Structures are given as structure tokens and as C-alpha cells.
Amino acid sequence: MNTIIVYSSQTGFTKQYAQWLGEALDCPYKSQGEVSDAELKEYDCIIYGGWIMGNSIMGLDKFRTKHVPTSIFAVGATPAYDEVICVVKEQNHVDDTPFFYLEGGIRMEKLKFIQKSMLKMLGKSLTKKENATRQEKFMAEKLGTSFDHSSKKQIENLVQWYKIYS
């Protein structure tokens, strides 16, 4: 099967997962901005990966205007809580497409000043929230700091799906 991984990455976590997947599936991986529409028509299987901001998978809507991903992976900073996965899938209309949530992290040094400031403010506001969800508690603790929870082990379910699919 002719397969490609297309990704959108801001601080490198999604790119790292795309690279690991490319190696595991023996296929190319390219940034969404590096691949043309004509090139994508050559592939039977397109795996799309994007980073999450506000439960939205960045770049996915734009990608879907011209292409239908065979499967989708999303990289978020929070752990893969069932409720997080449910909200991300619902907000991004990932109903029948195989979907995989991969935990990444935050690299504050790669963010712009405004993004850093917004994350810190959000983190502070979440520390004051009563009845916070476990996602909000995690974010209150971690926002404003750099951390890396990415792991090659997290791609195993996607690799397993691909072996069955192909």
C-alpha cells in the first residue's frame, strides 16, 4: 500500500511522532506545507497528524477541504484521558475515521511571547477553579512549564491498526 504521513507541528512533538511512524511503517512523512495536492493523489493511504490547541486539531480542517485522511492522530499536552479524547473527536468531527491520541508536551522555548503569556494566564486561572476536571488540574499544574511526555511506545496502536488496514 502506498502510504504517506502528513503532519502539522508547532513545537516538534507531532513531527517527532510522524518521524517515528514513518520509520515504523516504512513510508514518507511530510509537513502539510511541504506536500502538494498533486503528490497526495499518488497515495492510497494518508495518515494525518496535527497538534491540539483548544481541542482543535490544527491544520485538519484545511487538509480536509481537498483530501480525506485514512486515519488521524492528534498530539496533545494532556494525558490521554477518555474524556479528552471524546471531546477532541467530537469537536473535530472524527466519527468514522480511525483516530489516535498521542501525548506530547509543551516546549515553552519554541512558543511566541503571546502564546507563553496566554498559557501562563490560563494555568493561573485554572488553579483557582473549583470542581476542576482532571484535565484542568493537569493543565493548572503544567501550563507555563516545559515538559515532554512523548514516547515511541504511544504509536503502537496506530501501527497495529495500519497492519490490519493494509
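The number of residues in the stretch 89-117 that are free of Cβ contacts under 8 Å to residues at least 60 places away in the same chain, open to solvent by less than 40 Å² (accessible area, probe 1.4 Å), touching a Ser or Thr at 6+ places or on another chain (Cβ under 8 Å) and not hydroxyl-bearing (Ser, Thr, Tyr) comes to 4. If you go through the stretch 4-15 one residue at a time, do you hit one that is farther than 30 Å from Lys116 by Cα and at pLDDT 95 or above? The answer is yes; a qualifying residue exists.
In the stretch 86-117, the residue that is nearest to the chain's Cα centre (by Cα) out of those that are under 20 Å from Arg64 (Cα atoms) and among the β-branched types (Val, Ile, Thr) is Val88.
Can you find a residue that is under 14 Å from the mean Cα position of the chain (by Cα), exposed (fewer than 15 other Cβ atoms within 10 Å of the Cβ), in contact (Cβ under 8 Å) with a residue 24 or more places away in the chain and under 22 Å from Val159 (Cα atoms) anywhere in the stretch 67-79? Scanning the stretch 67-79 turns up at least one residue that is under 14 Å from the mean Cα position of the chain (by Cα), exposed (fewer than 15 other Cβ atoms within 10 Å of the Cβ), in contact (Cβ under 8 Å) with a residue 24 or more places away in the chain and under 22 Å from Val159 (Cα atoms).
Give the residue that is most open to solvent (accessible area, probe 1.4 Å), with candidates limited to residues of the stretch 118-140 that are within 20 Å of the chain's Cα centre (by Cα) and under 23 Å from Asp82 (Cβ atoms). The selected residue is Arg134.
The residues on offer are Gly49, Gly54, and the sole one that is modelled with pLDDT under 95, closer than 19 Å to Phe99 by Cα and either surrounded by 19 or more Cβ atoms within 10 Å (Cβ to Cβ) or over 10 Å from the mean Cα position of the chain (by Cα) (or both) is Gly54. Residues in the stretch 141-155 that are of a type outside the set (Lys, Arg) and assigned to a helix (DSSP H, G or I) were compared, and the one that is surrounded by the fewest Cβ atoms within 10 Å (Cβ to Cβ) is Glu141. Scanning the stretch 1-35 for residues that are closer than 17 Å to Thr70 by Cα, assigned to a loop (DSSP other than H, G, I, E, B) and either in contact with a Pro (Cβ under 8 Å, 6 or more places away or on another chain) or open to solvent by 60 Å² or more (accessible area, probe 1.4 Å) (or both) yields a count of 3. Within the stretch 36-46, the residues that satisfy the criterion of being open to solvent by 10 Å² or more (accessible area, probe 1.4 Å), in contact (Cβ under 8 Å) with a residue 40 or more places away in the chain and over 29 Å from Leu111 (Cα atoms) are Glu42, Tyr43, Asp44.
The values are calculated or read from the model by the stated rules, or taken from the named source; none is laboratory data. Quick caveat: nothing in here was measured; it's all calculated off a predicted structure. Reconstructed Cβ throughout: ideal geometry from the backbone, glycine too, with neighbour counts over all protein chains shown. Please note that ligands, DNA and RNA were not included when accessible areas were found on the heavy atoms of the full protein model with its side chains. Shrake-Rupley method; radii C 1.70, N 1.55, O 1.52, S 1.80 Å.
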